[in-house]
């Protein structure tokens, strides 16, 4: 057995390459994950969790890595992050106005992607294509550039009435599915939603919701040797040492021969990454 890294874990860093390049942050270092494909790899949880914001020791992680006081205090943990149409910055009630100004009151992209199926989503302009990779999308097409998180959320809700805005993670991990014609799907979607989109533009201004007519599709390929037929999720709280032969990486999931694990879920957990056959 060989120890590759140890420390507090964060979501995997990614780069849009052919295939996507992954690195797992552990403490102050990052471990390249692509070279570990086909090898026996284990993750061992030592029982300690530290908040990814304040580093406070906590018995339970909230919102993928925060202690309870930070979960209740930080704007990035507010319900409007999950439901951006509920953004209340303009009402003067944001938990952290400076953070909201920097992260919510700026350009966002409303997009169409193919993950477990077609879906719409939003992301900050600076998070393209990271957001698509984190969701396990194999194709993505920007539809609109929107001037704030609130407006992107309102537009997403209008489009999601016709196509949905959720990824079925188990289906996503079973394979890539057949490629879709995103340009054709986008045209059909916007035709069905034309009245709702026009109403939003009339209410908030044409500059607030700008259609990206000439946007190009991004195709994403993941480092996967073999997809699982059945998807079983590992839980570090119940089983503190998990792993096996690493068969692939997709989204924020490590795919082993005996199960999968969502690394983003375990932000702040103190882990050791090992390779070798010792159990």
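Just so you know, all these numbers are worked out from the coordinates, no wet-lab data involved. Note that the coordinates shown come from a computational prediction; the quantities given were computed from them, not determined experimentally. Note: ideal-geometry Cβ built from the backbone for every residue, glycine included; neighbour counts use all protein chains shown.
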- Using r as the Cβ-Cβ distance of residue 86 and residue 17, and R0 as 51 Å, what FRET efficiency do you calculate, to the nearest 0.05? 0.90
- Note on the structure: Between residue 192 and residue 79, the two model label points (7 Å from Cα along the beta-carbon direction) sit apart by a distance in nm of 2.8
- Note on the structure: Residue separation between residue 106 and residue 174 times 0.36 nm, minus their alpha-carbon distance, gives in nm 20.9 nm
- Item | Spacing of the two label points (7 Å from each Cα toward its C-beta) at residue 62 and residue 219, in nm | 4.5
- Diffusion coefficient in µm²/s returned for the chain by Stokes-Einstein, Kirkwood Rh over C-alpha pairs, 10 °C and 1.306 mPa s, is 79
- Task: Enter the Cα centre distance for the pair region 158-228 and region 230-279, rounded to the nearest angstrom.
- Result: 30
- Query: What shape does region 87-142 have by the C-alpha gyration tensor, where a ≥ b ≥ c are the square roots of the eigenvalues, rounded means a/c under 1.5, and otherwise prolate means a/b greater than b/c and oblate the rest?
  - Reply: prolate
- Percent of alpha carbon pairs in region 79-192 separated by more than 23 Å? 30
- Would you calculate, for the chain, the mean residue ellipticity at 222 nm contributed by helices, counting each DSSP H stretch of 4 or more residues as -39,500 (n - 2.57) and dividing by all residues, to the nearest 500? -6000 deg cm²/dmol
- Message: Give me Rg/Rg_expected for region 203-260, where Rg uses Cα atoms only and Rg_expected = 2.2 N^0.38 Å with N residues.
- Response: 1.89
- Measure off 7 Å from each Cα along the Cα-to-Cβ vector at residue 230 and residue 99, then give the distance between these two points in nanometres to one decimal. 4.1
- Query: Using 16 Å as the cut-off for backbone N distance, which residues of region 250-279 belong to the label zone defined by a point 7 Å from the Cα of residue 30 along Cα→Cβ?
  - Reply: 252, 264
